[in-house]
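Structure first, then comments.
The values are calculated or read from the model by the stated rules, or taken from the named source; none is laboratory data. If you're wondering where the values come from, they're calculated on a predicted model, not measured in any experiment. For neighbour counting, all protein chains shown are included, and Cβ atoms are generated from backbone atoms with ideal geometry for every residue, glycine included.
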Amino acid sequence: MADIPKTKFSRRGFLKGASVSAATTVIESASALARETKDSLYHDRSVGPDPLAVKLFINGHEHSVMIEPRYTLAETLRDNLGLTGTKVVCDRGSCSACTIWIDKTPALACMTLAIDAVGRQITTIEGLSHGDTMHPVQAAFVKHDAMQCGFCTPGMVMSCAALLERNPNPHLDDVKHAVSGNLCRCGTYPKVFAATLDVAEQRRQTAGLVSLVVGREA
C-alpha cells in the first residue's frame with residue numbers, strides 16, 4: 001500500500017488563507033453593490049460639498065431645487081419646498097413620523113438622501129388629498145379622533161394608506177404590523193386601528209353596492 005503524502009498544515013497558514021478568503025468576499029460584495037448602482041445618476045462623479053441642481057418628482061409635479069448632497073429628503077421637503085406635512089421628530093429613523101412613499105413604498109424621509117430620490121415617484125401627506133377633499137384614511141382619522149399632538153399623524157396616515165393600497169381587506173393584525181414602526185407617544189393606536197379598518201369596511205360596502213347594481217343591470 002503506497003504511503004499517503006503528508007500535507008503541511010499550520011495555524012498561521014490557516015489564518016492567512018481565511019483572511020484572504022474573507023477579503024475576497026468583501027471585495028466581491030463591494031463589486032456587486034457597485035454593479036447594482038451603476039445606473040445611479042451620480043455614480044460616475046463626485047458631488048459636493050457645494051449645492052447642485054436636482055429635479056424631484058413629488059405629488060405628481062416636478063420640482064427643481066438647489067441642495068447640498070448631504071441634505072435628507074425630509075430637510076429638502078420641509079426647508080426647500082415648504083412641504084411641512086412631513087414631520088421630523090427623532091431624525092434618526094426610530095419613530096417613522098417622517099414616513100413618505102417612494103414609488104408607492106413607505107420610506108423614511110429623514111434617512112433618505114434627496115439625491116437618492118431623483119427619478120423616483122415621491123408622495124407626501126400633501127399628495128394624498130385632492131384639493132379640499134381628504135383621503136379616506138385622513139377623513140377616518142378625524143372621524144375616530146385618531147390623533148392628539150399630531151406629530152406622528154402624517155406618518156401614521158401614510159403607513160395605513162399604503163397598507164390599504166396593497167391589501168384592501170386587512171385584519172387587525174395587518175394594521176398593527178403596518179404601523180409597528182410608527183411611534184405614537186400619545187398612545188392613540190386603538191383609534192388608528194379603528195380608523196383604518198373603518199376605511200376598509202367602507203370600501204367593501206361600496207364594492208358590494210357596485211356589484212349589486214351591475215348585477216341588476218346585466
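Residues Ala161, Ala195: which one is under 15 Å from the mean Cα position of the chain (by Cα) and at pLDDT 95 or above?
Result: Ala161 is the single residue among Ala161, Ala195 that is under 15 Å from the mean Cα position of the chain (by Cα) and at pLDDT 95 or above.
So is Asp103 within 15 Å of the chain's Cα centre (by Cα), surrounded by fewer than 20 Cβ atoms within 10 Å (Cβ to Cβ) and on the phi > 0 side of the Ramachandran plot or not?
yes
Take Asp116 and tell me if it is assigned to a helix (DSSP H, G or I), among the charged types (D, E, K, R) and within 18 Å of the chain's Cα centre (by Cα).
Considered against the rule, which asks whether it is assigned to a helix (DSSP H, G or I), among the charged types (D, E, K, R) and within 18 Å of the chain's Cα centre (by Cα), Asp116 comes out as yes.
Residues to consider are Asp145, Asp173; find the one that is surrounded by fewer than 13 Cβ atoms within 10 Å (Cβ to Cβ) and part of a helix (DSSP H, G or I).
Asp173
Would you point out the residue of segment 176-186, among those that are buried (at least 20 other Cβ atoms within 10 Å of the Cβ) and of a type in the set (A, V, I, L, M, F, W, C), that is nearest to Lys104 (Cα to Cα)?
Going through the qualifying residues, I end up with Ala178.
Could you tell me which residue of segment 52-63 is surrounded by the most Cβ atoms within 10 Å (Cβ to Cβ), considering only residues that are touching a Leu at 6+ places or on another chain (Cβ under 8 Å) and either free of Cβ contacts under 8 Å to residues at least 40 places away in the same chain or more than 21 Å from Leu128 (Cβ to Cβ) (or both)?
By that ranking, first place goes to His63.
Just wondering, is there one or more residues in segment 125-141 that are assigned to a loop (DSSP other than H, G, I, E, B), among the β-branched types (Val, Ile, Thr) and in contact with a Ser or Thr (Cβ under 9 Å, 6 or more places away or on another chain)?
No, there is no match, as no residue in segment 125-141 is assigned to a loop (DSSP other than H, G, I, E, B), among the β-branched types (Val, Ile, Thr) and in contact with a Ser or Thr (Cβ under 9 Å, 6 or more places away or on another chain).
Just to be sure I understand, how many residues within segment 57-100 are of a type in the set (A, V, I, L, M, F, W, C) and at positive phi?
Residues flagged as of a type in the set (A, V, I, L, M, F, W, C) and at positive phi within segment 57-100 amount to 0.
Would you confirm whether any residue within segment 106-113 is surrounded by 21 or more Cβ atoms within 10 Å (Cβ to Cβ), of a type outside the set (Val, Ile, Thr) and assigned to a helix (DSSP H, G or I)?
Scanning segment 106-113, I find at least one residue that is surrounded by 21 or more Cβ atoms within 10 Å (Cβ to Cβ), of a type outside the set (Val, Ile, Thr) and assigned to a helix (DSSP H, G or I), so the answer is yes.
Quick check on segment 90-102. Is at least one of its residues among the β-branched types (Val, Ile, Thr), over 22 Å from Ala195 (Cα atoms), touching a residue at least 12 places away in the same chain (Cβ under 8 Å) and part of a loop (DSSP other than H, G, I, E, B)?
no
One residue is enough: does segment 128-148 have a residue meeting the conditions of a type in the set (Lys, Arg), touching a helix residue (DSSP H, G or I) at 6+ places or on another chain (Cβ under 6 Å) and within 25 Å of Pro190 (Cα to Cα)?
no
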